[in-house]
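Chemist: Let me give you the structure first, and then I'll get to my questions.
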Amino acid sequence: MRMTTAYRLIFSLLLLTIMNEGYAQQVNKWPGGKKAAIVLSYDDGLTSQLDIGIPQLNKYKLTGTFFLTGSVTEDQMLRWRSISKQGFELANHTLYHPCSERMYKNSPQYYAENYDVNTTLREIGMMNKILFGIDGKRTRTFAFPCSESLAGGVDYTDSLKRSGLIKYVRWGGDEKAVITDLKGLNFFRVPSWGVTNSPDGNALIAFVKAAQQKGGLGVFMFHGVGGDYIEVSAQAHEQLLQYLASHGNDVWVATFQEVMDYIAAQRKGKKEMK
């Protein structure tokens, strides 16, 4: 049977698509030959993270990144200092967590519309100093409050990058935010799944499985764990951790900075080879 020109074209396009998808998965090389990377990140330094989230992480010998604000108390600082010594990453989430008016209805002093770029950078710089007082580290990662990068209507991403205050920045996203294009990844807008609406453990695990299937990176953005706000239940969180611990041969779980450093080193190595 002869294949018409149209059919040959369709066949060639399908074959090229399959090859490209396979190649996209092959180029993402993770430590130890693992199939995917996962970052567990937590915002706002909440009590439920200290009381529930971290004990669960320790139970399964997993690590994570905690984006703190200036609301941390002296007693909590001592706890976070101990947590940092255990290998967890403490990261910057600004002093006062400024967000747009639509997020803060009755707190105009924290409206991002009332900030400017310089004020925002000063907040980030001061939070770096607070974090240095807690863990003694100088290199810091950052997460945009409310996944918003505007101060007074101006995007401060480029100014933050030029400032040298921050090495990498986590951005927002949904359950489809699995990263596969590591070469094109913007280190100052790294997508993540902002977990809301209390998904069950199976939904959380599905995000990991998607990263495994695509050979990519999945970054979780949690808030409360079994309490506080925008919470995920303690049961769902533990179910996720159980899955990650039982699939340690396939999934690399590391801090945000560790994963970004690894990707940056991979890029540098490829450039040097050219």
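Chemist: Mind telling me which of the residues ASP181, ASP174, ASP155 ends up being among the acidic types (Asp, Glu) and touching a residue at least 60 places away in the same chain (Cβ under 8 Å)? Before the answer, list the steps.
Modeler: Details: ASP174 fails: touching a residue at least 60 places away in the same chain (Cβ under 8 Å); ASP155 fails: touching a residue at least 60 places away in the same chain (Cβ under 8 Å).
That would be ASP181, the only listed residue that is among the acidic types (Asp, Glu) and touching a residue at least 60 places away in the same chain (Cβ under 8 Å).
Chemist: Using the structure shown, decide if LEU16 is among the aliphatic types (A, V, I, L, M), modelled with pLDDT of 95 or more and part of a helix (DSSP H, G or I).
Modeler: no
Chemist: So if I check each of LEU90, LEU95, which one is out of contact with any Lys or Arg (no Cβ under 8 Å at 6 or more places or on another chain), among the hydrophobic types (A, V, I, L, M, F, W, C) and either open to solvent by less than 10 Å² (accessible area, probe 1.4 Å) or in a loop (DSSP other than H, G, I, E, B) (or both)?
Modeler: When all the criteria are applied, what remains is LEU95.
Chemist: Can you tell me which residue in region 189-227 is surrounded by the fewest Cβ atoms within 10 Å (Cβ to Cβ), limited to those that are of a type in the set (A, V, I, L, M) and in contact (Cβ under 8 Å) with a residue 40 or more places away in the chain?
Modeler: VAL208
Chemist: Restricting to region 168-177, give me the number of residues that are buried (at least 18 other Cβ atoms within 10 Å of the Cβ) and more than 11 Å from the chain's Cα centre (by Cα).
Modeler: 0
Chemist: Could you look through region 228-252, keep only residues that are in a loop (DSSP other than H, G, I, E, B) and over 11 Å from SER198 (Cα atoms), and pick out the one that is most open to solvent (accessible area, probe 1.4 Å)?
Modeler: ASN249
Chemist: Considering region 114-128 alone, what residues qualify as being open to solvent by 70 Å² or more (accessible area, probe 1.4 Å) and either closer than 11 Å to THR94 by Cα or outside any helix (DSSP H, G or I) (or both)?
Modeler: Residues satisfying the conditions are ASP116, ARG122, MET126.
Chemist: Inspect region 23-38 for any residue being of a type in the set (S, T, N, Q), in a helix (DSSP H, G or I) and at pLDDT 75 or above and give the result as yes or no.
Modeler: Within region 23-38 (the criterion being of a type in the set (S, T, N, Q), in a helix (DSSP H, G or I) and at pLDDT 75 or above), the answer is no, since none of the residues qualifies.
Chemist: Name the pairs: first residue in region 237-264 and of a type in the set (Asp, Glu), second residue buried (at least 22 other Cβ atoms within 10 Å of the Cβ), Cβ to Cβ under 8 Å, at least 6 apart or on different chains?
Modeler: Hits for this filter: ASP250/ALA36; GLU258/GLU89.
Chemist: Considering only region 133-179, state which residues are over 23 Å from ARG81 (Cβ atoms), in a helix (DSSP H, G or I) and touching a Lys or Arg at 6+ places or on another chain (Cβ under 8 Å).
Modeler: THR157
Chemist: Mind counting the residues in region 35-67 that are open to solvent by 60 Å² or more (accessible area, probe 1.4 Å) and either charged (D, E, K, R) or within 19 Å of TRP193 (Cβ to Cβ) (or both)?
Modeler: Number of matching residues: 4.
The values are calculated or read from the model by the stated rules, or taken from the named source; none is laboratory data. Keep in mind it's a predicted model, so treat the numbers as computed, not measured. Using ideal geometry, Cβ is built from the backbone for each residue, glycine included, and neighbour counts are taken over all protein chains shown. The accessibility values were calculated without ligands, DNA or RNA, using every heavy atom of the protein model including side chains. Shrake-Rupley method; radii C 1.70, N 1.55, O 1.52, S 1.80 Å.
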